[in-house]
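Working notes, structure below.
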Amino acid sequence: MASETTLLILGASGDLTSRLLLPAIGQLMEREPGRRLTLRGAGSDDWSQKRWRDCVRSAFAASDAEEQASRVEDTTYTKADVTDRDALAALVEGVQGRLVIYFALPPAVTIAACEVLKGITLPTNTVLALEKPFGSDEHSARDLNALLRQLVPEERIFRVDHFLGRSTLLNVLGVRFANRLIEPVWSADHVQSVLVRYDEALALENRARYYDGAGAMIDMIQSHLLQVLAVLAMEQPHDLDEVDLRDAMAAALRATRIWDDNPVRSSRRGRYTAGRLAVKDDVHKVQEARDVPSYVEEEGVDPSRDTETLAEITCEVHTARWAGVPFTLRSGKAMKERTAEIVVTFKPVRHIPDGLTERPADGGVLRFVLGPDQIDLVLNVNGGDDPFALRRDVLSSNLGKGTLLAYTEVLSEILDGDVALSVRGMPPSSAGGSSSPSATRGPGATCPWTSTPPAPSAPPAGRPRSARSSARSGAHLPPPASRLPPPRDFLSSMRRDAVRLVSCWKGSLEGRMPRIRPDW
Ligand SMILES: O=P(O)(O)OC[C@H]1O[C@@H](O)[C@H](O)[C@@H](O)[C@@H]1O
């Protein structure tokens, strides 16, 4: 019989839990009735069991999992200060089987809770799942990693980036590597530019407590969009596993620099002002026009922080494959419409025969729409009324919504112990950072960088695997000791660049924050 897993959500009464985690758990349980999962919630709000179960039930129903509602009866909620030792110890005490602790908490509270966990004996094979941001600069990221490694080994730490669970992003892998038409032209020889754009129609949505300290640069670009860049720019991994895939992505990120080495010229930022958002956003179920206050007037915002709600940076990937190709990453909130896409623009052909008219200046374009999933191929074609006149035409394939929510994919991998789609941490390093090789605790704990990790628990028999892992066999085998992660990781260099960018902005653009309207 499949072993039991307990998923303990810290921050269960918060927005992330109800909006993203619970619907994903509902979808997972609907798809995998054989999965044995005990759900426990803990939060600072004084919720009754009924309120928690209603919250779980309605989130499950939203993902068409009403038939699973009976399982909700088993779930419990505890009001707890997760930075209090006794409260935290009581939450993990007596857990049978595997324990997954999901920190759906603000970063500072996550760190405080982890400090407290150091003094608590965790059940064997406890897994930790954390949301971004991982520290506020390179130094604090290293410190956080060192703290986490004192609790569990690296292969049981999941740094969640739900963009890595997005079906369209995963589709990039197939389209890139499985097509003779595409694979040979995926380089600076043929590609003119790459744009990753994630403009949202959503505004702050009452998230000032977190967002005002982060801004678009940290919230979206340094995290999600750099992961997208890594998937687009990486060399072909031998396997889509936790070693090869993450090595390939890390190598691409290590080679990435701000364009022209000039953060100010190669970036823009802005902040939304008051206006009416007249858009529908089917993905986030925003159906009606609504008035949005100026960002600085949103509740909880401190205008002196000068936080941006739109950021755009242009990067260059310094490899033989990509040198000279601008990769632009951009994301904004309260935008006129939701535009979530990857646009790969190809160079024009060197010569077009005389006789073809209306010659377009541009080459083809390959566009991935990031939900609802779609792939467009824009080509120069001729035919129609004038058989020799060229025009642009689009071949589109609507891939639908993607079977799994991004968080379902991510959660399923966490519960299965497959870290391939989780952001890898930095190893202990002697350079710049206070981390030190950690003493890991609990049976099976090993030094993550020098030995083979214990095999994660097998998924329940007869249960469909996640979209990615079901496509492969052997996904749960631990990596051979000879194929260990490299001794450096991208987080250090990219976080350094991101932080440099932000401080450069803050310094040189002080008082010159462009005011943008929602319809910008
Ligand atoms: O469109 P999705 O999948 O909800 O992802 C976008 C969200 O991603 C989150 O990680 C950011 O914190 C949010 O600000 C953003 O809105």
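The values are calculated or read from the model by the stated rules, or taken from the named source; none is laboratory data. Here the structure is a predicted model, which means the values were calculated and not measured. Ideal geometry is used to build each Cβ from the backbone, glycine not excepted, and the neighbour counts take in all protein chains shown. To get the accessible areas, we keep the full protein, side chains included, count just its heavy atoms, and leave off ligands, DNA and RNA. Shrake-Rupley method; radii C 1.70, N 1.55, O 1.52, S 1.80 Å.
Ligands, DNA and RNA left out, the accessible area of the range 77-188 computed with a 1.4 Å probe is 52% carbon and sulfur. If R0 equals 25 Å, the separation of the Cβ atoms of residue 187 and residue 388 corresponds to a calculated FRET efficiency of about 0.20. Applying both filters, DSSP loop and at most 15 other Cβ atoms within 10 Å, to the trypsin sites (Lys or Arg not before Pro) of the range 140-234 gives 180. The label-point distance for residue 96 and residue 238, in a model that sets each label 7 Å from Cα toward Cβ, rounds to 4.2 nm. The length gained on full extension between residue 323 and residue 46, counted as 0.36 nm times the residue separation minus their Cα-Cα distance, comes to 94.2 nm.
Looking at the range 20-163, the accessible area is 38 square angstrom per residue; that uses a 1.4 Å probe and ignores ligands, DNA and RNA. Remark: spin-label model distance residue 294-residue 179 equals 4.6 nm, labels positioned 7 Å along the Cα→Cβ axis. Given +1 at the Cβ of Lys and Arg, -1 at the Cβ of Asp and Glu and no other charges, the dipole of the range 258-394 around its Cα centre is 200 debye to the nearest 20. When you filter the trypsin sites (Lys or Arg not before Pro) in the range 320-385 for DSSP loop state and at most 12 other Cβ atoms inside 10 Å of their Cβ, you are left with 350. Simple spin-label estimate for residue 359 and residue 377 gives 2.4 nm between the two label positions (7 Å along the Cα-to-Cβ direction from each Cα).
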